[in-house]
Amino acid sequence: MRKTLALLLGPVLIGGLLLVGCQAQVSGSKETLRLRVGLLPIVDALPMYVAEAEGYFKEQNVEVELTLFGSALERDSALVAGQIDGELNDLISTALINKDGEKAKVVRLAYRGNTTQAMVLVLAAPGSKIQSPKDLKGVPIAISKNSVIEFATDRLLQSAGLSESDIVKTEVTKMPVREEMLAKGQVQAAALPEPLASLAVQQGARVIVDDSQSGVGQSVITFRQEVVDKNQEAIKRFLAAYEKAVNTLNESPNKYRDLMVDKAKVPDSLRSSFAVPPFPKAQASTKEDVNVVMEWMVKQGLLTQPIPFEKMVNDQLLPK
């Protein structure tokens, strides 16, 4: 009887010990955290897609849901409503979110214009007589208002010698429409990001000035203040995975050309020629970056007073 009982209880006891062992393993492992991040179909988002494709988020035990939006307005509205935790945006976007209180923080610089690839370019239409920035005096430039595009355009043209009153702008919010109007000569000049600027050049437009030297245009990664306060560990893991993706991208850029073409909606005509740009190492926007944007936004009437750097940026979550 005892032998029979031992035979019956043996598997149960062994199974129980195994179960206890599994529970200890689960409880001792790093808990999977979750983040929802909003993106636009732009080249700047490529490191996030690389981190997803290569499993770097999984390595960090952070589950990241990347959500694509059709416009910056839709993306920002989703952040404010708490539908997403963070987003790829710019300093002007973050400042507008923080206009009535501390609602979001920039945690990392994502991209800025550099000598390999500019972020914002001002172009003249095909066949235009515009050859230099001074020729743009009084010429309406198609832009998107209250955006990093408008900010960069003002900074670039003023640095080239034009006064505020010399710069005339006309709003064409949708970037593909702006590029098409430029290519067809329906506007004489336009400010565009990549890869639309390269498409315009391919169609005969001429680059008049860009931020390849000044780096005035920049995109950033921003998270809701509540997430920064209550879920810092998730953001740290996200940024660690992001950093690994940046290093991988910078080491083997051509490996990810197809991914860039797909996710950034690079036109087919640029598939083979548009280069994968270098992405910056871990860093946040600087006080100087923020102060320049604040000054411009106050002048534009977008803010009544500058938002202090400390209420805009948290640079303590980057990988060490």
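Say we look at segment 215-236 and pick out the residues that are part of a helix (DSSP H, G or I) and either among the polar types (S, T, N, Q) or touching a Phe, Trp or Tyr at 6+ places or on another chain (Cβ under 8 Å) (or both); which of these is surrounded by the fewest Cβ atoms within 10 Å (Cβ to Cβ)?
Among those residues, the one meeting the criterion is Q232.
Yes or no: segment 218-230 includes at least one residue that is over 23 Å from L91 (Cα atoms) and under 18 Å from the mean Cα position of the chain (by Cα).
no
Test A78 against the criterion of being in contact with a strand residue (DSSP E or B) (Cβ under 6 Å, 6 or more places away or on another chain) and surrounded by fewer than 19 Cβ atoms within 10 Å (Cβ to Cβ), and give yes or no.
When the stated conditions are applied, A78 passes them.
Against the condition surrounded by fewer than 17 Cβ atoms within 10 Å (Cβ to Cβ), under 24 Å from T170 (Cα atoms) and not β-branched (V, I, T), how does K255 come out, does it pass?
no
Quick one: in segment 87-119, which of the residues that are surrounded by 24 or more Cβ atoms within 10 Å (Cβ to Cβ) and among the charged types (D, E, K, R) is farthest from R75 (Cα to Cα)?
It comes out as R108.
Let's see how each residue does on (1) on the phi < 0 side of the Ramachandran plot; (2) not assigned by TED's automatic domain parsing to the domain that holds L46:
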position: G204; (1), (2): no, yes
position: T222; (1), (2): yes, no
position: E226; (1), (2): yes, no
position: Q300; (1), (2): yes, no
position: Q316; (1), (2): yes, yes
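Can you tell me which residues in segment 195-232 are out of contact with any strand residue (DSSP E or B) (no Cβ under 8 Å at 6 or more places or on another chain) and of a type outside the set (S, T, N, Q)?
Residues satisfying the conditions are P195, L196, L199, G204, E226, D229, K230.
Keeping to segment 144-169, report how many residues are exposed (fewer than 15 other Cβ atoms within 10 Å of the Cβ) and assigned to a strand (DSSP E or B).
1
Go through segment 30-111 and tell me which helices (runs of 4 or more DSSP H), entirely inside it, have 2 or more residues that are within 16 Å of R224 (Cα to Cα).
72-80, 91-97
If V276 satisfies all but one of (1) in contact with a helix residue (DSSP H, G or I) (Cβ under 7 Å, 6 or more places away or on another chain); (2) assigned to a helix (DSSP H, G or I), what's the number of the condition it fails?
(2)
Scan (1) of a type in the set (S, T, N, Q); (2) crowded, with 21+ Cβ neighbours inside 10 Å; (3) in contact with a strand residue (DSSP E or B) (Cβ under 6 Å, 6 or more places away or on another chain) for the single condition T67 breaks and write down its number.
Looking at each condition in turn, T67 falls short on (2).
Which of the residues belonging to segment 57-71 are over 19 Å from G38 (Cβ atoms) and not charged (D, E, K, R)?
Q60, N61
Does at least one position in segment 49-61 carry a residue that is in the same structural domain as V227 (by TED's automatic domain parsing), under 13 Å from the mean Cα position of the chain (by Cα), surrounded by 15 or more Cβ atoms within 10 Å (Cβ to Cβ) and modelled with pLDDT under 95?
No: segment 49-61 contains no residue that is in the same structural domain as V227 (by TED's automatic domain parsing), under 13 Å from the mean Cα position of the chain (by Cα), surrounded by 15 or more Cβ atoms within 10 Å (Cβ to Cβ) and modelled with pLDDT under 95.
Kindly check whether there is at least one residue in segment 261-278 that is in the same structural domain as L46 (by TED's automatic domain parsing), more than 27 Å from G70 (Cα to Cα) and in contact with a strand residue (DSSP E or B) (Cβ under 8 Å, 6 or more places away or on another chain).
No, because not a single residue in segment 261-278 is in the same structural domain as L46 (by TED's automatic domain parsing), more than 27 Å from G70 (Cα to Cα) and in contact with a strand residue (DSSP E or B) (Cβ under 8 Å, 6 or more places away or on another chain).
This table checks each residue for (1) within 17 Å of S198 (Cα to Cα); (2) not assigned by TED's automatic domain parsing to the domain that holds F279.
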residue	(1), (2)
R108	no, no
G127	yes, yes
I143	yes, yes
Q158	no, yes
I167	no, yes
V177	yes, yes
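The values are calculated or read from the model by the stated rules, or taken from the named source; none is laboratory data. If you're wondering where the values come from, they're calculated on a predicted model, not measured in any experiment. In this analysis, Cβ positions are derived from the backbone assuming ideal geometry, glycine residues included, and neighbour counts consider all displayed protein chains.
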